[in-house]
Amino acid sequence: MSASHVQIAELIEVSLDDINIPPGNHRQDLGDLNGLAESIRTIGLVQPITVRQRDAGGYELVAGQRRLAAARLAGLSTLPAVVRGYADVESRKAMAVENLNRKDLEPLEAAAAYQELLDLGIGNEEVAALAGTSAQQVSDHTSLLSLPRKVRRELAGGAIDYATALLLTQLADTPERLTRALHNARNGWSLTSAVQHELHARELERKTEASRAELEKRGVPIIERPRDSFSPRARVRRLGNGWGCIPLTQAKHAREACHAAYIEEHTGDIVFVCIDVQRHVGVVPGIEAPADAKAERAAKRSERQAQRRAIAERRALLTQHLQSIDDAAAANHHSQRISVLDVDEAVASVACELLGETDGGDGYHGHARSLTARVAANPGELAQVALAVAMGRAEVYSGREYISPDQRALVAEHLRYLTGLGYQPTELELDMIREQDITVGEEDANANPDIERVGAS
């Protein structure tokens, strides 16, 4: 063993004026010294401090800063000290270990002591063994030293706790994101969510920059993300085998002048595209020559004109027919058939019930299809089915809490019909019938002033 590593232990009485505290001591807050000072005054110093001799004379404190400060407070001029022949490295190691063995060590003080040992070339596992802790604890504490000075001050002052500070170390290399995470956490976010949000944004930013650098290195033109890169009609289309994609590999298409790429904004991924699909007409299946836009517009214009002419012809024919109906049976048949075909499922369900149809069919509009099939199989039942549809509609309306005035009129007419069949309306239903009678009477009187209003004296 070399002379610099020999540790000579000697217990002596040392003058307090001869003891120098080295600048590397990590203990910042010595706490309340009054109790310890009173104990030293009463019974003396139970555990000596540890010092080493200085080349310039006097002694340098290795361990016992709090005891030394309390002795000064107690008014002592000397105190017992163990003098060890520590070299510089060994002294720093002993000082760090002594600090780490204190129970009241603050997180940043522990971090500095761990880092001191690591700087001496001691491995993470050995530092953990010296401190009686885990290698993970050593890594976690030393990561606190990477935090911005402002955040370390908040940790030292108790504004944030150790767990919060440890979470923030994930953003230590991007102070602006760390500051934003703290701001969001103080405005309603959970700290974990705020940090995760910034971590995701940072990762997306890095991935986007990496994708951009990769494309620039390969000389691939970068375009903005197109609104439509899937539709077969899109001019810019993605490469690949998905819907609307051009079935070419990136490697094969890279030789084309229409080769380009964009960076997906939500993931940072590179998406290769063709920016001029018409270059592949006749070469790649599914790509057709562009249609003649002028011819398409002319065809659509001609189609709209034909539709307008057909509407005008139908309206003229129907007007003429209504003015001279000579086949009432055919007219009734047509109106009844339209009523059955136009029925909605709720009304059709009631109509089927009234007709004794227990099987309403399967799937959407099953009852409506059942009525249509019944009329097709038995044309003579059209009038009965149409009446069941009319009754079903009135029954549906009557079961609703809120109905329009037109629907109330329909229900009143239905109740009047039922009264003729022997039904005894409730008082509420009678009020609805009377209300409709008054309304109809007023409308007739307004149209014909000479007709006396219903209920007039």
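Every read-out reported here was derived from the displayed coordinates using simple, explicitly stated rules and does not represent laboratory data. Here the structure is a predicted model, which means the values were calculated and not measured. Cβ atoms come from the backbone with ideal geometry, glycine included; neighbour counts cover every protein chain shown.
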| Order by protection proxy (mean Cβ within 10 Å, highest first), peptides 72-82, 425-435 | 72-82, 425-435
| Convex hull over the alpha-carbon atoms of region 283-426: what's its volume per residue in Å³? | 256
| note | Gyration tensor (Cα only) of region 235-364 to equivalent ellipsoid, semi-axes in Å sorted down, yields 56, 28, 12
| message | Quick check: pseudo-label points 7 Å beyond the Cα along Cα→Cβ at Arg400 and Leu11, how many nm apart are they? | response | 10.2
| note | For the Lys150, Ser190 Cβ pair and Förster radius 30 Å, calculated FRET efficiency rounded to 0.05 is 0.90
| request: For region 315-327, just list the computed ³J(HN,Hα) in residue order, Karplus coefficients 6.51, -1.76 and 1.60, θ = phi - 60°, integers in Hz, with x standing in for Gly and Pro. | output: 4, 5, 5, 5, 4, 5, 5, 5, 7, 8, 6, 10, 10
| note | If R0 = 25 Å, then Asp18 and Asp119, at their Cβ-Cβ distance, give a FRET efficiency to the nearest 0.05 of 0.30
| task | Subtracting the Cα-Cα distance from 0.36 nm times the residue separation, let me have the gained length for Ala373 to Arg279 in nm, one decimal. | result | 28.4 nm
| remark: So, with points 7 Å from each Cα along the Cβ direction, the Ala210-Glu176 label distance in nm works out to 2.1
| query | Ser335 versus Ala56, label points 7 Å from Cα toward the beta carbon: distance in nm? | reply | 11.9
| field | region 247-328 - percent relative contact order, Cα under 8 Å, separation 6 or more | value | 15
| remark: Rounded to 0.05, the calculated FRET efficiency for the beta carbons of Ala298 and Arg233 at R₀ = 22 Å is 0.65
| remark: Length gained if Leu73 through Asp326 is fully extended, taking 0.36 nm per residue and subtracting the Cα-Cα distance, is 78.5 nm
| field | Gain in span if fully extended, Thr319 to Thr419, counting 0.36 nm per residue against the direct Cα distance | value | 32.4 nm
